[in-house]
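Student: A single structure is presented below for examination.
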Amino acid sequence: MTQAEFACHFGLTRKQVIDLENGKGNPTLETLKKVSRPFGFQVGFVRTDTFPERLRESD
C-alpha cells in the first residue's frame, strides 16, 4: 500500500502519513484510533510519573 493509498483509506493527508512515519507527527487521539483499529491495536498511554527514576527521561 502506498502512502497515498494509506492516507486516503484512513482520511489523512499524505504529509500526515509521512510525518507519522518519520516520528514528526503529532496525531490526535482520533487519528491514532483510526490507524490502529484495523490492525487490532488499542490506543493507550503510559503515565511516566509511575516509572522508576532510572527509566525517566531527564529534562
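Student: Can you tell me the FRET efficiency between Glu53 and Glu21 if r is taken as the Cβ-Cβ distance and R0 is 35 Å, rounded to the nearest 0.05? Don't jump to the answer; show the numbers that get you there.
Tutor: Numbers: r = 32 Å, r/R0 = 0.92.
Plugging the Cβ-Cβ distance into 1/(1 + (r/R0)^6) gives 0.60.
Student: Sort the following peptides by mean Cβ neighbour count (other Cβ atoms within 10 Å, averaged over residues), highest first: 12-21, 36-45.
Tutor: Packing proxy ranking, top to bottom: 12-21, 36-45.
Student: Please report the carbon-and-sulfur percent of the accessible area for the range 1-41; probe 1.4 Å, protein heavy atoms only, DNA, RNA and ligands left out.
Tutor: 56
The values are calculated or read from the model by the stated rules, or taken from the named source; none is laboratory data. Remember, predicted model here, so these are calculated numbers, not experimental data. Cβ: placed from backbone, ideal geometry, glycine included. Neighbour counts: every protein chain shown. Accessible surface is based on the protein model in full, side chains and every heavy atom, while ligands, DNA and RNA are left aside. Shrake-Rupley method; radii C 1.70, N 1.55, O 1.52, S 1.80 Å.
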